[in-house]
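Beneath this line is the structure, given in structure tokens, with notes to follow.
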Amino acid sequence: MTILTAALIGIGGIAQALHLPAHQALNGSRLKWLCDPDINKAKAAAEQFGIPHWTNDSNAIWSDQEVEWVDIAVPNRFHESVTIACLESGKHALCQKPLAGTFDAANRMVDAAVRCERQLGVYMCFRGDPALQLLRRLIQQDHFGEIISLRGRMISSNGFRIQEGQWRMEEASGALDLLGVHMIDLFAWLHSDIEWVQAYSNTLYAPMKGDDVTSAIYGLARGVTAVLETTYSSFVQADTPLYVLEVNGTSGWARYVLDRGQLTIQLKDSFIDEQLAYEGGTMMEAAFPHTLSGGGALPNVHQSFVNALREDRPFEVDGPCGAQAIRVMSCTRQAAITHARVMI
């Protein structure tokens, strides 16, 4: 099977913490190009990570017939234009979340992928987490009994560090689209599509233009609820659990700290899985490789995208999946403004 050739556009903090280390660990793909408006940043990263070519002009990548797919990690407002240009140049695209700024923009990106007959994937890093994959299997196999509720908390203190001129400030990005979108995606992936939302969102404490607090309750299938709590203004220390997901069912519960890979689980019945053997009734703690910086599962989503391309099959976290998350975020904002339940 041939080795794919890739390019990475956008060499900011997320790219250097997640995307570049992921590429270094990939099987079946090699990174040929780095591209960033700051040519010095592109050059420095290329030299640090051993990438042969760098540029500040994406046209160099679009015209390179050897490049088969592009990893897009530019600021959110450029996702649509860069991704569509990528697809129209005949290359597959893996775009950083959130897919776009609006549902209409996301749909234009999906339409471009269909028109160009290229794959459009969304980099939702937590989809590659083996503990979350285990929880999904356990939910599907009814080990939790009937699911009552899900709860996701994602907190950060970064709102106090956002400066004028930075893209997160200028785009009025906030807790919902920078963090909450992950839980929105996970709720639907773990259980079922989101059907309605009630929400509160505000900028209370951090000197930023976007929301630093958003709380929402989502309605899933069969009466299940999912609660989201996300902030950009929390007190955070080195040992603070930042991203926490809880599952509550009639036959068990689980709590997983996504940024630590720490799972606590207690179920009525025993089970044996490829990743875990559990004795019913006991409270068990287990460690998993996580998908954030320094985690052993960091490259998993990139690897899944490469595998899908090499095997000529659809990538699971595709454009329509990313567009649906944008729609849910839009409805969440609407619910917060109107103080009413909004159907998705």
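The values are calculated or read from the model by the stated rules, or taken from the named source; none is laboratory data. Since the structure is predicted, the reported quantities are computational estimates derived from the model, not experimental observations. Glycine gets a Cβ as well: all are built from the backbone with ideal geometry, and neighbour counts include every protein chain shown.
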Residue in region 305-318 that is of a type in the set (Lys, Arg), more than 24 Å from Ala100 (Cα to Cα) and touching a strand residue (DSSP E or B) at 6+ places or on another chain (Cβ under 6 Å) present: no
Unique match (being of a type outside the set (Asp, Glu), in a loop (DSSP other than H, G, I, E, B) and either out of contact with any Lys or Arg (no Cβ under 7 Å at 6 or more places or on another chain) or at pLDDT below 95 (or both)) among Phe315, Phe305: Phe315
Condition met for Gly281 (modelled with pLDDT of 95 or more, in a helix (DSSP H, G or I) and more than 17 Å from Gln133 (Cβ to Cβ)): no
Hey, Ile326 outside the structural domain of Ala106 (by TED's automatic domain parsing), within 22 Å of Asp71 (Cβ to Cβ), surrounded by 17 or more Cβ atoms within 10 Å (Cβ to Cβ) and of a type outside the set (Ser, Thr, Tyr) or not: yes
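Check every one of the helices (runs of 4 or more DSSP H) wholly within region 122-219 and list those with 1 or more residues that are without any contact (Cβ under 8 Å) to a residue 24 or more places away in the chain, outside the structural domain of Cys95 (by TED's automatic domain parsing) and in contact with a Gly (Cβ under 9 Å, 6 or more places away or on another chain).
Details: elements: 130-140, 167-170, 181-190.
No helices (runs of 4 or more DSSP H) qualify here.
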Residue within region 287-307 that is farther than 18 Å from Asp71 by Cα, touching a Gly at 6+ places or on another chain (Cβ under 6 Å) and without any contact (Cβ under 8 Å) to a residue 24 or more places away in the chain present: no
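Leu258: farther than 30 Å from Met208 by Cα, buried (at least 21 other Cβ atoms within 10 Å of the Cβ) and in contact with a strand residue (DSSP E or B) (Cβ under 6 Å, 6 or more places away or on another chain), yes or no?
When the stated conditions are applied, Leu258 does not pass them.
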